[in-house]
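What follows is a set of notes on a single structure, which appears directly below.
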């Protein structure tokens, strides 16, 4: 992974994730006092044991989000797991403030209070059927609130960059590999 990835989010003068608006900053502040809100324990915790930054519930939630964003064939869980592991490694080296904001962002995405406020659903993201997950994420992507659109774009770009920088994904995009 390129070591310059972290420098694009410098600590001074940056506006990271949803801190772009007063409303977004308020949501992040409120989110720090709430649990992530996973409505059930991940089915296979051993799948997430190697995580150093993410808690198992966060990794489990990310697998639900990433599974709807990246193109997977036949629910290829090994590709999905690899993307989550790469995100984990990325955030180990991220600035502490970025780490906190990302964890809070995951809380905002899944906590039942926020899910209800943003979608009217009483079901947390990790328990939604795939069609409802797509609609929920689409709601973030097309929201009239800038902080929601920005948060979705940040999350999507992180997930996509972790997916498409993997050697295994190069065939999908017709890339033959680096010139040696």
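The values are calculated or read from the model by the stated rules, or taken from the named source; none is laboratory data. Fair warning: this is a prediction, and the values are worked out from it, not measured in the lab. For neighbour counting, all protein chains shown are included, and Cβ atoms are generated from backbone atoms with ideal geometry for every residue, glycine included.
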ask   = Hey, does segment 108-126 have a residue that's within 22 Å of residue 164 (Cα to Cα), touching a residue at least 40 places away in the same chain (Cβ under 8 Å) and buried (at least 20 other Cβ atoms within 10 Å of the Cβ)?
value = no
ask   = Among the numbered criteria (1) in a helix (DSSP H, G or I); (2) surrounded by fewer than 15 Cβ atoms within 10 Å (Cβ to Cβ), which single criterion is violated by residue 160?
value = (2)
query = Condition test on residue 146, is it surrounded by fewer than 21 Cβ atoms within 10 Å (Cβ to Cβ), farther than 15 Å from residue 64 by Cα, under 16 Å from the mean Cα position of the chain (by Cα) and at pLDDT below 90?
reply = no
message = Just the residues that are closer than 23 Å to residue 139 by Cα, in contact with a helix residue (DSSP H, G or I) (Cβ under 8 Å, 6 or more places away or on another chain) and not in a helix (DSSP H, G or I), please, taken from segment 73-127.
response = 111, 121, 122, 123, 124
ask   = Filtering segment 52-92 down to residues that are in contact (Cβ under 8 Å) with a residue 40 or more places away in the chain and within 20 Å of residue 112 (Cβ to Cβ), which residue is surrounded by the fewest Cβ atoms within 10 Å (Cβ to Cβ)?
value = 68
message = Please go through segment 129-157 and give me each residue that is in contact (Cβ under 8 Å) with a residue 40 or more places away in the chain and either closer than 17 Å to residue 60 by Cα or assigned to a helix (DSSP H, G or I) (or both), ordered by number.
response = 130, 133, 134, 137, 146, 147, 148, 150, 151, 154, 155, 156
